[in-house]
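The values are calculated or read from the model by the stated rules, or taken from the named source; none is laboratory data. Everything quoted here is computed from the prediction, not taken from an experiment. Cβ placement follows ideal geometry from the backbone for every residue including glycine, while neighbour counts extend to all protein chains displayed. Just the protein is used for accessible areas: all its heavy atoms, side chains included, with ligands, DNA and RNA removed. Shrake-Rupley method; radii C 1.70, N 1.55, O 1.52, S 1.80 Å.
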Amino acid sequence: MVERTMFIPSRRTPLSDAGHLQRADSRVVALRDPRLLWLDKNENTDPIFLSIVFKVLAEIDPGSVVFYPDVAPFYHKLAEYIDVSPRALILAQGSDGVIGSVFRAFVEPGDVVFLTQPTYAMYQFYADMCGADTTVLQYMAGESGPQLKSETIIEMIQERRPKLVCLPNPDSPTGTVFAPDDLRRIIRIALEANTLFLVDEAYYPFYSHTVVPSIVEFPNLIVARSFSKAWGLSGVRLGYGIASPELIALLHNVRPNYETNTVALAMAHRMISEFEHEMRASVKRLNQGRDGFLSAMKELGLRTLESHGSFCHVAFGTASERVHASLADYVLYRQDFSAPCLKGFSRFSSTTGELFAPIIDRIRDVVRMGGA
Ligand SMILES: Cc1ncc(COP(=O)(O)O)c(C=O)c1O
């Protein structure tokens, strides 16, 4: 038998020492049970809108997949749709792709990067990959849910002058937002400190305010957007970044040969050309479904959190085990959050009132029978 020799090349950053870089093994099959309603990853599950997505997919020209993607027409279409120059845009594999490129383009070993916590998990991975020195700004458990004051962020930026701040607005998983004026103030302070500021708008337009128009005023601002949430296209992996043409040019330097694939481009092109109104109607249905669910939970005396994203939180208290057992054969959702500000809360992606109804019924039965 041939002896196997170990070969581990030297690395740019000491990945194994970074501590956080324990990615899930994607070769291990962890299929979600197809019989369940998937409300664990904030995808769009609105049947009316999904029928449009399926139709658009079915009508793609099959010949197009034979050729490398022609990205330019979509850049122009998207630029017109968002009302920015195509030079202010970069396409990527999901907003995650934009976030990864921001780190690759700008963050060097030892650079200080600010992350809020809890937040979208990939910021920490990319920060570790780049050997960044991350500082975590904690959401505290407040009466009305997770709280992080804009003053805290401002003081920290002024004190440490980080290279990059990553802030989802709305935040995931907390569902919180910074008010438009506060956010603009934070970005302005960041500019004064020579800090790049990434606003992650993956949940736009579930929360309708956007900082996109501010890219003209703030040359340090990069906005990441996604087709995964409101547009119902998580599987095709398409997102985009919006920033000044100067920052975007630097992001293009580190992108893959083709930003995304032909199917993603064809679907998104048609969706934004023809189905904007339907997408907004779907967002309305999902927000109404979320709010109806939260009201029903409150009526049962359960603690809920206000959310501006396409998801919401409820704490089942002493009924937790019984509620989880009663929902196990119907719906998949997040039961566990380690962050102190979300301790005890379960998170459900927003869905329609009709799809929430059986969930509400089951929870009501459990809570009425045994209390919470
Ligand atoms: C805040 C936030 N940003 C980014 C993403 C990544 O989304 P995608 O890469 O599918 O656009 C997610 C996904 O859940 C998210 O919650």
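In the chain, what percentage of the DSSP-assigned beta bridges are antiparallel, given to the nearest 5? So the antiparallel bridges amount to about 50 percent of the total. Over every pair of different alpha-carbon atoms in the chain, take the mean of 1/r and invert it; report that Kirkwood radius in Å. Evaluated on the chain, it is 22.0 Å.
To the nearest 0.05, what FRET efficiency results for Arg23 and Tyr258 with a Förster distance of 25 Å applied to their C-beta separation? The pair Arg23/Tyr258 has a calculated efficiency of 0.60.
Across the options Phe74, Pro86, Val107, the greatest Cα extent toward the positive end of the charge dipole of the range 61-274 (unit charges at beta carbon of Lys, Arg, Asp, Glu) belongs to Phe74.
Could you tell me which of the pairs Lys55/Lys284; Lys55/Lys298; Lys163/Lys284; Lys77/Lys149; Lys41/Lys163; Lys41/Lys284 are separated by over 28 angstrom between their Cα atoms in the structure shown? Present the calculation step by step, with values, prior to reporting the outcome.
Working: Lys55/Lys284 21 Å; Lys55/Lys298 38 Å; Lys163/Lys284 37 Å; Lys77/Lys149 38 Å; Lys41/Lys163 30 Å; Lys41/Lys284 19 Å.
Long pairs (Cα-Cα over 28 Å): Lys55/Lys298; Lys163/Lys284; Lys77/Lys149; Lys41/Lys163.
What does DSSP give for the range 61-274 in terms of the percent of beta bridges that are antiparallel, rounded to the nearest 5? Walk me through the intermediate numbers first.
Numbers: 12 of 30 bridges.
Here the antiparallel bridges make up roughly 40 percent for the range 61-274.
When the chain is treated as a Gaussian network with alpha carbon springs shorter than 10 Å, the biggest mean-square fluctuation among Gly97, Gly110, Gly344 belongs to Gly110.
Suppose every Lys and Arg Cβ carries +1 and every Asp and Glu Cβ carries -1, with no other charges. What dipole size does the chain come out with about its Cα centre, to the nearest 20 debye?
Details: 37 positive and 42 negative charges, 93 e Å.
Charge dipole, the chain, about its Cα centre: 440 debye, nearest 20.
Annotation for Ala328 and Met369: the two label points, set 7 Å from Cα along the Cα-Cβ direction, are 1.4 nm apart.
On a full-extension model of 0.36 nm per residue, what is the gain between Leu57 and Asp181, subtracting their alpha-carbon distance, rounded to one decimal in nm?
Extra length from Leu57 to Asp181 when fully extended: 40.7 nm.
Rg and Dmax of the range 61-274, based on Cα coordinates, read 17.0, 56 Å.
R0 = 25 Å: FRET efficiency of Lys41 with Arg303, Cβ-based, nearest 0.05? Working shown, then result.
Values: r = 23 Å, r/R0 = 0.93.
Plugging the Cβ-Cβ distance into 1/(1 + (r/R0)^6) gives 0.60.
Applying the Karplus relation 6.51 cos²θ - 1.76 cosθ + 1.60 with θ = phi - 60° to the range 183-191 yields 3J(HN,Hα) values of 5, 4, 5, 4, 5, 5, 4, 4, 4 Hz, where x marks Gly and Pro.
Please give the contour-minus-distance gain from Asp33 to Gln288: 0.36 nm per residue of separation, less the Cα-Cα distance, rounded to one decimal in nm.
Details: separation 255, 0.36 × 255 = 91.80 nm, distance 2.64 nm.
89.2 nm is the gain from fully extending Asp33 to Gln288.
Pairs of Cα atoms nearer than 8 Å and 6+ residues apart set the relative contact order; for the chain it is 22 percent.
Here the gap between Thr318 and Gln158, fully extended at 0.36 nm per residue and compared with their Cα-Cα distance, gives a gain of 53.3 nm.
Evaluate E = 1/(1 + (r/R0)^6) for Ser295 and Leu50, where r is the Cβ-Cβ distance and R0 equals 25 Å; express this FRET efficiency to the nearest 0.05.
On the way: r = 25 Å, r/R0 = 1.00.
Between Ser295 and Leu50 the formula returns 0.50.
Solvent exposure of the range 16-157, expressed per residue, is 54 Å² of accessible area, with all protein chains present and a 1.4 angstrom probe. Across the range 341-355, the residues whose backbone nitrogen lies under 18 Å from the label position 7 Å along the beta-carbon direction of Val136 are 341-345. In this rough spin-label picture, where each label sits 7 Å from Cα along the Cβ direction, the Val216-Ala281 distance is 3.3 nm. Ranking Gly241, Met297, Pro213 by how far each Cα lies toward the positive end of the dipole of the chain (charges on Cβ) leaves Met297 at the top.
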